[in-house]
1. Going by the structure shown, is residue 81 farther than 18 Å from residue 134 by Cβ, at pLDDT below 80 and either among the hydrophobic types (A, V, I, L, M, F, W, C) or within 16 Å of the chain's Cα centre (by Cα) (or both)?
2. Limited to region 349-380, what total is found for residues that are within 19 Å of the chain's Cα centre (by Cα) and either among the charged types (D, E, K, R) or surrounded by fewer than 20 Cβ atoms within 10 Å (Cβ to Cβ) (or both)?
3. Quick one: which of 11, 37 is at pLDDT below 85 and over 23 Å from the mean Cα position of the chain (by Cα)?
4. Of the residues 94, 140, only one is farther than 17 Å from residue 74 by Cα and either touching a Ser or Thr at 6+ places or on another chain (Cβ under 9 Å) or small (Gly, Ala, Ser) (or both); which?
5. Check 238, 234, 262 and return the single one that is surrounded by fewer than 24 Cβ atoms within 10 Å (Cβ to Cβ) and farther than 20 Å from residue 137 by Cα.
6. Checking residue 142 against (1) buried (at least 18 other Cβ atoms within 10 Å of the Cβ); (2) closer than 15 Å to residue 333 by Cβ: exactly one of these is not met. Which one?
7. Go through region 155-169 and give me each residue that's of a type in the set (A, V, I, L, M) and at pLDDT below 85.
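The values are calculated or read from the model by the stated rules, or taken from the named source; none is laboratory data. Owing to the predicted nature of the structure, the values given are computational and were not obtained by experimental measurement. Positions of Cβ are backbone-derived with ideal geometry, glycine not excepted, and every protein chain shown enters the neighbour counts.
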Amino acid sequence: MILLSAQNPFILNFVIIGLIIIALGVILRYFRQPYIIAYIIAGVLLGKHGFGIIANEELITTLGDFGLLLLLFFIGMEISLPNLLKIWKIPAFGTLFQILGSIFSVSLIGLWIGWGWNQIIVLGFVMSFSSSAVVIKLLGDNAESGTSLGQSVISILIMQDILFIPILLATNYLGGNSPTTTEVVLQLIGASLLIAVIVWILKKKTYSLPFSAEIEKDHELQVILAFIVCFGFAAITALLGLSAALGAFVGGMVIHAARSSAWIHDSLNSFRVIFVALFFVSVGMLIDLQFLSANLKVISLILVAVLVTNHLINAIIIYYFERNWRKSLYGGALLAQIGELSFIIASSAFQITVISEFSYQLTIIVISLSLLVSPLWIIGTKKLLGDSLPENTKLEVENTPR
């Protein structure tokens, strides 16, 4: 009843968010730009650094976190684990090279201006993550998720998600914080369970969900079951000290193996659209326009340096395996931005004083702006490369069974 009271501002806030997104979306659609830009701009306008219309940013951020879980759940539903293992070298060596390359790039600047190694390593970690939310959505919008390049890019993103927890733990160690014995034991149990699930999927290959015939005839039960699978796996991994996003992703792979992803996709797709939009709105709310204006030159230089460096590092990684520069440069553009998981690493590093408040604000702005300009960077790269790829380099879409 409280939610429906006249004094509750949340309903009006959601209506305002929707109206602004629609208005910006219509304009961006005219220029053939992705809606992600509209979501972030809406957050800038409505947040405390804009017009301050939305006071309770924590609610929007929390709902946006649901969007990330749903997005990774959908990624898992599109991934065939046996096919992914066939290209394991790309994500394994690619992600390792990305992390080392990012740390090396940051050290070139950091050592010159007097940063300590702990700060350099943490900011290298921040830079090495790309955005699953941006890249997966753009690949899906362009029907490129099932292409060979799309699968390579997604496999790198998945490996980054898998390495998020070890990197977060390493960040805490750099700040002098170490997990308790109980936390380590829980994490080992969680990792063992996930490995057991993955091995079971590989051996089983396909199976049927219990009562699948009855469920497929009942839309309400479909929605509830889909929520249970997605957030159930996420809750279990979170309780065991691992990433909730990793649990949602594994849950999606379980559904893929059950060949039941068609009706679950239909049941949750609308929720995914709404919650992912709210995630990017929450990203826009982090952009402090006054801080941006006061440090515009520094932020611009760092932003360009990050995009170019990440673009080149990932292009070289993909070229090593694909042996095609056009595809590799496009793949590098897809992975050029800094991802949403980097917000968590930066926040953790700030709380344990590995980075200063100024460095934290600078990092948050650069991450947010990289997400904002990423679609334009990708589209611009694609146009520069041209659409007319030779026949032997065109990508074939893989028909993933649902």
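1. yes
2. Of the residues in that region, 4 qualify.
3. Details: 37 fails: over 23 Å from the mean Cα position of the chain (by Cα).
Just a single option satisfies the conditions, and that option is 11.
4. 94
5. From the options 238, 234, 262, the qualifying one is 238.
6. Answer for residue 142: the failing condition is (1).
7. Going residue by residue through region 155-169, those that are of a type in the set (A, V, I, L, M) are 156-159, 162-163, 165, 167-169.
Passing the criteria: 158, 159, 162, 163, 165, 168, 169.
Yes or no, residue by residue, for (1) in contact with a helix residue (DSSP H, G or I) (Cβ under 6 Å, 6 or more places away or on another chain); (2) aromatic (Phe, Trp, Tyr); (3) surrounded by 18 or more Cβ atoms within 10 Å (Cβ to Cβ):
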| site | (1), (2), (3) |
| --- | --- |
| 108 | no, no, no |
| 153 | yes, no, yes |
| 159 | yes, no, yes |
| 173 | no, yes, no |
